[in-house]
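Heads up: the structure comes next, in structure tokens.
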Amino acid sequence: MEGQTGLLVPPSDAGALAEALARLAGDAFLRKRLGAAGRLRVEQFFSLQVMTDKIEELYHREFTKARGPQALQKVLAS
């Protein structure tokens with residue numbers, strides 16, 4: 001998320017990358033702000049619990065599509 005959790009640069013644009021790195025090197029407050037926002041985003045959307053829940057939902061959805069809701073309930077009950 002540009003400017004919120006990091007800085008984006010176009011692919012293969014060494015000049016833009018150098019500018020972004022120089023900007024970060026010269027601005028401790030920006031580094032801390034982006035770092036804190038990035039960490040919060042990772043914790044909210046990519047924590048072990050969040051990812052486990054998403055994978056479980058995916059398996060349930062795909063199993064139900066393939067075998068039907070009754071089959072899923074039977075598996076979950078065993």
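Table for the structure above
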| read-out | value |
| --- | --- |
| Listed residue (A18, S47, Y59) projecting farthest to the positive dipole end of the chain, Cβ model | Y59 |
| The stretch 1-44 - Debye-derived log10 I(q)/I(0), Cα point model, q = 0.28, 0.34 Å⁻¹ | -0.97, -1.13 |
| Read-out Rg/Rh (Cα atoms, Kirkwood Rh), derived from the coordinates shown; its label in (1) 1.01; (2) 1.43; (3) 1.31 | (3) |
| Over the chain: helical MRE at 222 nm, DSSP H runs n ≥ 4 each giving -39500 (n - 2.57), nearest 500 | -25000 deg cm²/dmol |
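Computed from the coordinates by the stated procedures, all read-outs in this text should not be read as laboratory data. Since the structure is predicted, the reported quantities are computational estimates derived from the model, not experimental observations. Heads up, the Cβs are rebuilt from the backbone with ideal geometry, glycines too, and the neighbour counts pull from every protein chain shown.
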